[in-house]
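Okay, structure first, notes after.
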Amino acid sequence: MSFARQGIGLLAVSLALTTATSFAQTTAEQAREKRLQWWREARFGMFIHWGLYAIPAGEWKGQLIPGIGEWIMNRAKIPVAEYEQLAKQFNPVKFNADQWVAVAKSAGAKYIVITSKHHDGFAMYGSRVSKYNIVDATPFRRDPIKELAAACQRGGVKLCFYYSQTQDWHEPDGDGNTWDWPDVSKKNFARYLEDKVKPQVRELLTNYGPIGLIWFDTPRVITAEQSQGLRDLVHSIQPDCIVSGRVGHGVGDYDSAGDNQISVGVVKRDWETPVTMNDTWGFKKDDSNWKSPAVLIKQLTRTVSRGGNYLLNVGPTAEGLIPQPSVERMAQIGAWLRVNSEAVNGAAPSPFPYELPWGLITTRTGKMYLHVFEWPKNELVIHGLKSKVGKAYLLANKNTVKFTQSSDKAVDLDVLRLQLPATPPDANDSIVALEIEGRAQVDTSLQQQPDGTVTLVAYLAEMHNAPGQGMRVDSRGVVERWLRKEDWLSWDFKVTGPGDFEVVLVTSEQKYGNGWEGGHRVTLDTAGQQIAGAVNNDGREENPSDNYWPYVRSKAGRVKVDKAGRYHLDLKPESIETQRKLGLTLVSVMLVPVAK
Ligand code: H79
């Protein structure tokens, strides 16, 4: 109450108002900090997409419908009257909540987010608000969410709900169904929010015990006031329930990366990425494009190394079973996590703002974890670590690792050399743990790596464009919407081993092979030399962090660097070729040593 007294006396009323506002902000921030505590510690959750769409499983009237399985109603433009009939067949008698929780636990996932209602509008729990729900409309008649809530309680896993607040293809006033109701002007979205969304969110937060978070999705037409209203409703019922970023308008408790995207760079807020284990969320019988356990583990650690949470999806069948390939992969992630959990659960991001050629780093106070994906022949060399290392060992077997640390003041270079055994202890991700004092101290400037390459990542460039106009950095760290030749980028960097370099421009394709544009001409200025290059396709390669967006490499020319020191590089377009408004999509400029 001391804050109230501060407003009394000769102080202007405005000061009291400012104090009151910042007080409210502080308490709101404190409440947010409190509710995010368990989630930051967790770092890894299991997503479950389960609904009526598991029955067609990607096929409608004998036709395979391309795209994500839970979108079948939309993709095949199935009328509500027809899609509703699926409910009469939905009888997932093999559903066993304890088994689902066991799958999450076998993986080391700390929370489960299940679709309580997806865009198709069907409630997967017993709802009094709409008869279109699993208890009232199916022969199953059970409430699987009730059973899952109890199983989560027993298993010590946080239960969370996905809820589609904007799209609802079952309701005339919901967003998205233009095949049954083509006249969008007749929609009253506010009425749908009041009549269905808010009462259902209230049910979900009242009838199933404490809920870890609500995962809203695709804000689309929702207004800022409506997003805030929804967030406030959640917090008024369960103050500790986290609200996902996709509630819209930046009012959630954390940010969500795009589907299957792993954010890069300095992500200012807490963030999470939802990821598919194959190429669909809801079960599809013809999708067997499973990511390998090695890829999933790498994605998990990459997400954590960038300060985020990893939410990995499974799509159970219409019988209620999690597909066996998913069960196996979850167990394989768990087997790895049981050995390495201290490098993931509650771990903090890498101290370097960019990735290192051999792998990833996660940290805790007093510790650094080197996730070595490219196991070296004999020694692993790291540039730029200023912290003094007290001890190094393999996390898997606690075997000590010999090392030396040196510092060359002349070229301002810190070098750590670790003598690793010939074979890595883990086929997927072997971790070298370093004991250090406090938080890791590093030289954050862009610098040449021990393999001789200099990688100038797009998201760390200085951007020369009118703010809010032209190019921008997307959440993957790619500079996109680069359509104007006036926009350009520059970097400062450090070279410690001079020589001849090939300059390679790494660009990104659109998701799912939806295109790439080349033919742009660029000028690169660096080390007193000018290169006139072009962005051409000199080779496509898999993008290790976001596998739906392949990289395209383009050799721009060569440059000679005579001596160690600090350099600058300008990248300016001379012309940008664009028919599809994709333009230049830059991931990085690499200086690759030319083999002598
Ligand atoms: O629940 C999952 C997705 O159903 C949901 N978010 C994740 C977590 C999602 N909703 N919308 N989107 C994702 C964007 C969807 C885009 C696409 Fe399509 C759906 C691409 C292909 C099918 C819409 C329809 C755009 C093209 C066709």
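I'd like to check something: does the range 560-568 contain any residue that is basic (Lys, Arg) and either within 20 Å of His464 (Cα to Cα) or free of Cβ contacts under 8 Å to residues at least 60 places away in the same chain (or both)? So far as the range 560-568 goes, no, none of its residues is basic (Lys, Arg) and either within 20 Å of His464 (Cα to Cα) or free of Cβ contacts under 8 Å to residues at least 60 places away in the same chain (or both). Determine if the range 370-378 includes at least one residue that is within 29 Å of the chain's Cα centre (by Cα), β-branched (Val, Ile, Thr) and closer than 20 Å to Leu300 by Cα. So far as the range 370-378 goes, yes, one or more of its residues are within 29 Å of the chain's Cα centre (by Cα), β-branched (Val, Ile, Thr) and closer than 20 Å to Leu300 by Cα. Regarding Ala87, is this residue in contact (Cβ under 8 Å) with a residue 12 or more places away in the chain, farther than 22 Å from Pro274 by Cα, assigned by TED's automatic domain parsing to the domain that holds Thr301 and within 12 Å of the ligand (Cβ to nearest atom)? When the stated conditions are applied, Ala87 does not pass them. Applying the criterion of at least 1 residues that are farther than 30 Å from Leu416 by Cα and basic (Lys, Arg) to the strands (runs of 3 or more DSSP E) found wholly in the range 431-513 leaves 479-482.
Filtered by the rule that a residue be more than 11 Å from the ligand (Cβ to nearest atom) and part of a strand (DSSP E or B), the range 28-63 gives Phe44, Gly45, Met46, Glu59, Trp60, Gln63.
Only one of the numbered conditions (1) part of a loop (DSSP other than H, G, I, E, B); (2) of a type in the set (Ser, Thr, Tyr); (3) modelled with pLDDT of 95 or more is violated by Thr578, and that is (3). Out of the residues in the range 69-84 that are more than 16 Å from the ligand (Cβ to nearest atom) and in a helix (DSSP H, G or I), state the one that is surrounded by the most Cβ atoms within 10 Å (Cβ to Cβ). So, considering only residues that are more than 16 Å from the ligand (Cβ to nearest atom) and in a helix (DSSP H, G or I), the one surrounded by the most Cβ atoms within 10 Å (Cβ to Cβ) is Val80. If Glu194 satisfies every condition in (1) under 21 Å from Phe216 (Cβ atoms); (2) surrounded by 16 or more Cβ atoms within 10 Å (Cβ to Cβ) but one, which is the exception? Evaluating Glu194 over (1) under 21 Å from Phe216 (Cβ atoms); (2) surrounded by 16 or more Cβ atoms within 10 Å (Cβ to Cβ) leaves (2) as the failure.
In a residue-by-residue description of the range 141-161, the property of being in the same structural domain as Leu230 (by TED's automatic domain parsing) and under 21 Å from Val80 (Cβ atoms) applies to no position. From the list Ala396, Ala410, the one residue that fits, being in a loop (DSSP other than H, G, I, E, B) and more than 32 Å from the chain's Cα centre (by Cα), is Ala410. Here's a check for you: in the range 101-126, which residue that is in contact with an Asp or Glu (Cβ under 6 Å, 6 or more places away or on another chain) and small (Gly, Ala, Ser) is nearest to the ligand (Cβ to nearest atom)? Per the criteria, the residue is Gly121.
Among the residues of the range 248-261, the ones that are under 13 Å from Ser227 (Cβ atoms), away from the ligand (no atom under 14 Å from the Cβ) and touching a Ser or Thr at 6+ places or on another chain (Cβ under 8 Å) come to 4 in all. Please work out if Pro66 is within 16 Å of the ligand (Cβ to nearest atom), free of Cβ contacts under 8 Å to residues at least 12 places away in the same chain and outside any strand (DSSP E or B). It is true that Pro66 is within 16 Å of the ligand (Cβ to nearest atom), free of Cβ contacts under 8 Å to residues at least 12 places away in the same chain and outside any strand (DSSP E or B). Identification of helices (runs of 4 or more DSSP H) wholly contained in the range 166-247 with 2 or more residues that are more than 16 Å from the ligand (Cβ to nearest atom) and in contact (Cβ under 8 Å) with a residue 40 or more places away in the chain yields 198-206, 224-237. Considering Gly126, Gly51, the condition of being crowded, with 24+ Cβ neighbours inside 10 Å and under 18 Å from Asp168 (Cα atoms) is satisfied by Gly51 alone.
Lys158 passes every criterion in (1) farther than 29 Å from Asn91 by Cβ; (2) in contact with a Cys (Cβ under 9 Å, 6 or more places away or on another chain) apart from (1).
For the residues Val457, Val432, Val401, the requirement of being within 25 Å of Thr526 (Cα to Cα) and buried (at least 17 other Cβ atoms within 10 Å of the Cβ) singles out Val457. All conditions but one from (1) buried (at least 16 other Cβ atoms within 10 Å of the Cβ); (2) touching a Leu at 6+ places or on another chain (Cβ under 9 Å); (3) farther than 30 Å from Asp414 by Cα apply to Phe501; the one that does not is (3).
The values are calculated or read from the model by the stated rules, or taken from the named source; none is laboratory data. Values in this document were obtained by computation on a predicted structure and should not be read as measured data. Don't worry about glycine lacking a Cβ; one is built from the backbone with ideal geometry, like all the others, and counts go over all protein chains shown.
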